[in-house]
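**Student:** This is the structure I want to talk about, given as structure tokens.
Bear in mind that the values in this text are calculations on the coordinates, not laboratory data. All figures in this text were calculated on a predicted structure; none of them were measured in a lab. When we count neighbours, we look across all protein chains shown, and the Cβ atoms used for this are built from the backbone with ideal geometry, even at glycine.
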Protein chains: 2
Amino acid sequence: MQKEPYNMYSFLLDRTARRVKQYAQATFSSKGFDITLDQWMVLKNLYEFKDLSQKDLAERCGKDQPTLTRIVDLLAKKGLAERQIHPSDRRSFTVHLTEKGVEKVEGLSPEIKEIRTKAWENLNENDFKHLERILNSIYKNLEF
Amino acid sequence: MQKEPYNMYSFLLDRTARRVKQYAQATFSSKGFDITLDQWMVLKNLYEFKDLSQKDLAERCGKDQPTLTRIVDLLAKKGLAERQIHPSDRRSFTVHLTEKGVEKVEGLSPEIKEIRTKAWENLNENDFKHLERILNSIYKNLEF
DNA sequence: TACTTATATTTGTTATACTAAATATTGTTA
DNA sequence: TAACAATATTTAGTATAACAAATATAAGTA
């Protein structure tokens, strides 16, 4: 554990975020979902918001553009999503789910809803409010 | 933003942890520290606890062993740390700072103490207590 | 002692994060 | 319109994360 207080909080934050992600990913794997958590986040956004540009998709998923490009590559390779030329801007692509991608999202959605709960056991409504407020406050402190 | 509450908290946690790390890393780079945040964590632990085995070092830094092996490789390549054969267990190495590594830690320590504060602006003592308690609670929920 | 199991480390593979640079296209302005 | 700046995407390089498998050594047991 780090000794300096701020370093300690950074350490806890990083360690906890990694464990939550790791736990969800392990559950994905053990259930044979055959996608990563990050890929799921992209699929979910594509399902809810059709035909987003990669830039908007990156924004919604909280990823940078190179990372999103590669995730879309992987989803395309798995036949779950496709790029389409943007009708009015040839620099841009819109991305949309294939039929297989739609089926994937609809098939996994109910299962995934139930995965997260273990992480949040023993936390009450107030804890969630605090957590959300504090995390957003940190995030905003570091904007730009 | 994710809609399911638990997904939303996971998203916030991940996003915030990444931004905190990214901010610290950017400051490291702009000041020409020439190490990563994770490398710093390893150096700091080596400075405080001489001659840790790689396993103990990994434990202290919250990293798995393959990751720690690679960080030690990088520190060794930079001449900041060295492996030594463990006196009684030939499977094991102890790692220690070189003279250059000690100088690095002592030179950077005061600067690094001041980097973190921006992330924690606008948070009060109570917020820190909540954050620490909640993060530890989540972490423990997912043990094993 | 021979066999088995456990441990410490390394290696390999895949995915993500971040930066910088390259490419193509669009928008702006002199 | 020609030059320039801005934007969307991709590519490349390095670091970290997670997992599985390989290697060497140690410890426990029949």
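**Student:** With every atom except the alpha carbons ignored, what do you get for Rg and Dmax of the protein assembly as shown, in angstroms?
**Tutor:** Values for the protein assembly as shown (Cα only, Rg and Dmax): 21.3, 70 Å.
**Student:** Quick one: in the stretch B:1-75, what % of C-alpha pairs are over 17 Å apart?
**Tutor:** Numbers: 1561 of 2775 pairs.
I get 56 percent for the Cα pairs in the stretch B:1-75 exceeding 17 Å.
**Student:** Ok, one more. As a check on your grasp of the helix formula, calculate [θ] at 222 nm for chain A: sum -39500 (n - 2.57) over DSSP H runs of n ≥ 4, divide by the residue count, round to the nearest 500. Can you show the working numbers first?
**Tutor:** Values: 6 runs with 91 residues, N = 144.
When only DSSP H runs of four or more count, the value is -20500 deg cm²/dmol.
**Student:** Continuing with the same structure: Using only the Cα atoms, work out Rg/Rh for the stretch A:37-113, with Rh taken as the Kirkwood radius, to two decimals. It would help to have the intermediate numbers written out before the result.
**Tutor:** On the way: Rg = 11.7 Å, Rh = 12.3 Å.
Using only Cα positions, Rg/Rh for the stretch A:37-113 is 0.95.
**Student:** Below 8 Å between Cα atoms, with a sequence gap of 6+, how large is the relative contact order for chain A in percent? Intermediate values should be presented prior to the final figure.
**Tutor:** Details: 105 pairs, mean separation 25.8, N = 144.
Contact order relative to length: 18 percent.
**Student:** Ranking A:Ile138, B:Ile71, B:Ile112 by Cβ neighbours within 10 Å, fewest first, what do you get?
**Tutor:** On the way: A:Ile138 27, B:Ile71 24, B:Ile112 21.
Least to most surrounded, the residues fall as B:Ile112, B:Ile71, A:Ile138.
**Student:** I'd like the mean, over residues of A:19-31, of how many other protein chain beta carbons sit within 10 Å of each residue's own Cβ.
**Tutor:** Working: counts 9, 11, 4, 2, 5, 4, 0, 1, 0, 0, 0, 0, 0.
Mean shielding count: 3.
**Student:** Only counting other Cβ atoms within 10 Å, I'd like A:Met8, B:Met41 sorted with the fewest neighbours first. All intermediate terms of the calculation are to be shown ahead of the outcome.
**Tutor:** Working: A:Met8 15, B:Met41 22.
The most exposed by this proxy come first: A:Met8, B:Met41.
**Student:** I want to verify a result. In a Gaussian network model of chain A, Cα cutoff 10 Å, which of these has the top mean-square fluctuation: A:Lys113, A:Lys129, A:Lys100?
**Tutor:** Fluctuation is largest for A:Lys129.
**Student:** Determine ³J(HN,Hα), in whole Hz, for all residues of the stretch B:66-74 in sequence, where each value follows from phi through the Karplus function 6.51 cos²θ - 1.76 cosθ + 1.60 and θ = phi - 60°; x replaces Gly and Pro.
**Tutor:** x, 4, 5, 3, 6, 5, 4, 3, 5
**Student:** Would you tell me the mean number of C-beta atoms belonging to other protein chains that fall within 10 Å of each C-beta in B:60-70, as a whole number? Can you show the working numbers first?
**Tutor:** Details: counts 2, 3, 9, 2, 2, 0, 0, 0, 0, 0, 0.
Other-chain Cβ atoms within 10 Å of each residue's Cβ, averaged: 2.
**Student:** What are the label-to-label distances in nm, one decimal and shortest first, from A:Gly32 to the same spot in the other copies, with labels 7 Å along Cα to Cβ?
**Tutor:** Values, ascending and in nm: 5.8.
**Student:** Calculate the radius of gyration of the Cα atoms of chain A to one decimal place, then report Dmax, the largest Cα-Cα distance, as a whole number, both in Å.
**Tutor:** Cα-based Rg and Dmax for chain A come out at 17.7, 55 Å.
**Student:** Further, regarding this structure: What is the mean number of Cβ atoms from other protein chains located within 10 Å of the Cβ atom of each residue in peptide A:113-119, rounded to a whole number? If you can, show how the numbers build up before the last one.
**Tutor:** Numbers: counts 3, 1, 3, 7, 2, 4, 9.
Mean partner-chain Cβ count within 10 Å for A:113-119: 4.
**Student:** Just how far, in whole angstrom, is the stretch A:96-141 from the stretch B:8-33 if you go by their alpha carbon centroids?
**Tutor:** That distance is 20 Å.
**Student:** How would you rank A:54-66, A:16-28, highest first, on the average number of other Cβ atoms within 10 Å across their residues? List each step's numbers first, then the result.
**Tutor:** Working: A:54-66: 16.9, A:16-28: 19.1.
The densest-packed peptide leads the list: A:16-28, A:54-66.
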